[in-house]
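Colleague: Have a look at this one before I ask anything.
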Amino acid sequence: MSKLRRHLSYWPVYFWSFIARNNLFYSRRSRFSRHKKALILGNGPSLQDFVASADWASIGSTHDVYCVNNFAFQDAFILCKPSQYVIFDPNYFNSLDTDLKSGNSLFLKMVETVDWEMNLYIPIRFYSMGQVLIELFRNTSIRVVFFRDVGLKSYFRFPFLGLMKRQILMPRANNVLIAAIYLSILNGHNHVVIDGADHSWHQNLHVADDNLLYIKDSHFYDKDPSLSPLYKDRLTGQHFSMEEIFESYRLVHKSYRVIGELSASLGVKVFNQTPGSFIDAFPRMGRSDSV
């Protein structure tokens with residue numbers, strides 16, 4: 001679907017989501033969580049040690065575990081059995097169409113693997129493509145939930161906090177972790193812990209001799225990451241400039257500050273236990289103190 005068609009199809013679904021009488025759309029009246037505590041796993045390189053040493057049976061008995069993006073491909077996915085899974089990047093939906101056989105390999109992996117109840121959160125802008133996933137997951141324990149993903153670059157405490165509490169707006173999400181933390185706050189948790197949120201991308205940037213920007217994008221499951229183009233638009237091959245990528249990073253950290261204000265207004269404590277994380281919006285906590 002073209003960007004223009006996707007944009008034109010967004011708003012009717014957005015407004016319909018407030019009046020639809022089904023459980024496809026996110027609502028704070030619905031119960032999407034089992035525990036008061038949540039553990040959100042980013043895919044940063046620092047997560048490797050924690051994934052290998054954590055007592056997942058114990059964590060699962062007291063926490064809702066949130067995973068994001070490519071985590072389902074990892075062996076740790078079966079160990080931690082997340083009850084919540086958040087995807088935000090449009091690249092996961094570009095390969096979806098009416099033919100389930102051409103569906104994204106990540107979702108097919110979920111069908112093969114998941115034998116526990118899991119909520120899969122998808123931005124409402126992908127509602128039309130999400131119908132393919134609903135069919136794909138029909139005979140599984142995976143529940144697709146669409147959330148409203150209108151995020152604005154500007155932020156004014158009043159009235160934006162009230163609109164975010166009602167899931168009318170959300171913090172601008174340049175990163176899937178922003179969406180995951182936001183949803184965990186609305187899901188009724190009063191204690192949220194983040195791990196694998198290194199956010200050290202700026203240390204891995206490289207400008208080639210042709211002045212094009214590259215990045216060594218490292219995750220906890222990457223053995224030897226290599227430099228890859230830092231695309232602003234993959235379809236056109238347009239790269240980010242250095243100015244543009246640091247502006248994007250600035251907006252990410254601004255959104256974390258907004259989430260900090262939102263969580264404080266709702267009495268939700270959010271902690272970051274990621275060693276060496278560059279996120280400074282949440283209090284730090286040692287891994288041994290949290291779960």
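The values are calculated or read from the model by the stated rules, or taken from the named source; none is laboratory data. Just so it is clear, the model here is predicted, and its values are computed rather than measured. Please note: Cβ atoms are built from the backbone with ideal geometry, for glycine as well, and neighbour counts cover all protein chains shown.
Colleague: All but one of (1) surrounded by 15 or more Cβ atoms within 10 Å (Cβ to Cβ); (2) at positive phi; (3) not polar (S, T, N, Q) hold for HIS219; which doesn't?
Modeller: (2)
Colleague: Also: Which numbered condition in (1) surrounded by 14 or more Cβ atoms within 10 Å (Cβ to Cβ); (2) touching a residue at least 60 places away in the same chain (Cβ under 8 Å); (3) under 14 Å from SER265 (Cβ atoms) is the only one that ARG166 fails?
Modeller: Among (1) surrounded by 14 or more Cβ atoms within 10 Å (Cβ to Cβ); (2) touching a residue at least 60 places away in the same chain (Cβ under 8 Å); (3) under 14 Å from SER265 (Cβ atoms), ARG166 violates only (1).
Colleague: Filter region 194-206 down to the residues that are surrounded by 13 or more Cβ atoms within 10 Å (Cβ to Cβ) and without any contact (Cβ under 8 Å) to a residue 40 or more places away in the chain and list them by number. Full working, then the answer.
Modeller: Of region 194-206, the ones surrounded by 13 or more Cβ atoms within 10 Å (Cβ to Cβ) are 194-201, 204-205.
Hit for region 194-206 is ASN204, nothing else.
Colleague: Also: Mind checking which residues of region 232-256 are assigned to a helix (DSSP H, G or I) and in contact (Cβ under 8 Å) with a residue 12 or more places away in the chain? Explain how you work it out, then say what you get.
Modeller: Going residue by residue through region 232-256, those that are assigned to a helix (DSSP H, G or I) are 242-256.
Passing the criteria: MET242, GLU244, ILE245, PHE246, SER248, TYR249, LEU251, VAL252, HIS253, LYS254, SER255, TYR256.
Colleague: Oh, and also: If you check SER105 against the conditions, is it exposed (fewer than 15 other Cβ atoms within 10 Å of the Cβ) and polar (S, T, N, Q)? Quick ask: steps written out before the conclusion?
Modeller: Values: exposed (fewer than 15 other Cβ atoms within 10 Å of the Cβ): yes; polar (S, T, N, Q): yes.
When the stated conditions are applied, SER105 passes them.
Colleague: Being in contact with a strand residue (DSSP E or B) (Cβ under 8 Å, 6 or more places away or on another chain) and under 23 Å from PHE15 (Cβ atoms) is the filter; apply it to region 127-142 and report the residue that is surrounded by the fewest Cβ atoms within 10 Å (Cβ to Cβ).
Modeller: Looking only at region 127-142, we keep the residues that are in contact with a strand residue (DSSP E or B) (Cβ under 8 Å, 6 or more places away or on another chain), and these are 127, 130, 133-134, 137, 141-142.
Pick out the ones that are also under 23 Å from PHE15 (Cβ atoms) and you get 127, 130, 133-134.
Values: TYR127: 21, GLY130: 22, LEU133: 23, ILE134: 15.
The qualifying residue surrounded by the fewest Cβ atoms within 10 Å (Cβ to Cβ) is ILE134.
Colleague: Report yes if SER228 is modelled with pLDDT of 90 or more and either among the hydroxyl-bearing types (Ser, Thr, Tyr) or in contact with a His (Cβ under 6 Å, 6 or more places away or on another chain) (or both), otherwise no. Step through it out loud before you land on a result.
Modeller: Working: modelled with pLDDT of 90 or more: yes; either among the hydroxyl-bearing types (Ser, Thr, Tyr) or in contact with a His (Cβ under 6 Å, 6 or more places away or on another chain) (or both): yes.
Against the criterion (modelled with pLDDT of 90 or more and either among the hydroxyl-bearing types (Ser, Thr, Tyr) or in contact with a His (Cβ under 6 Å, 6 or more places away or on another chain) (or both)), SER228 qualifies.
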